[in-house]
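J.: I am attaching a structure below and will ask some questions about it afterwards.
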């Protein structure tokens, strides 16, 4: 999994797995889900990220278990 924040476009992309995107759906305004040919979620884009996510420039990662 990879997280990319672009401050120029204020976009946060969470990439769950590599691969080509064949379909995108904007589930909520400013939240775009990208799917592969099998219908699996590949990535999620959050537009205007600084308004929607606290601390868009930093990230904590935690594995439960």
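The values are calculated or read from the model by the stated rules, or taken from the named source; none is laboratory data. Every value quoted in this text rests on a predicted model; they were computed, and no experiment measured them. Glycine gets a Cβ as well: all are built from the backbone with ideal geometry, and neighbour counts include every protein chain shown.
J.: Take the residues in the stretch 18-27 that are out of contact with any strand residue (DSSP E or B) (no Cβ under 6 Å at 6 or more places or on another chain) and surrounded by fewer than 12 Cβ atoms within 10 Å (Cβ to Cβ), then tell me which one is farthest from residue 60 (Cα to Cα). Lay out the reasoning, then the answer.
T.: Here is the first cut: in the stretch 18-27, the ones out of contact with any strand residue (DSSP E or B) (no Cβ under 6 Å at 6 or more places or on another chain) are 18, 20, 22.
Now restrict to residues that are surrounded by fewer than 12 Cβ atoms within 10 Å (Cβ to Cβ): 18, 20.
On the way: 18: 21, 20: 27 Å.
Per the stated criteria, the residue is 20.
J.: If you don't mind, another one. Restricting to the stretch 31-56, and then to whatever is more than 11 Å from residue 10 (Cβ to Cβ) and assigned to a loop (DSSP other than H, G, I, E, B), can you tell me which residue is modelled with the lowest pLDDT?
T.: 55
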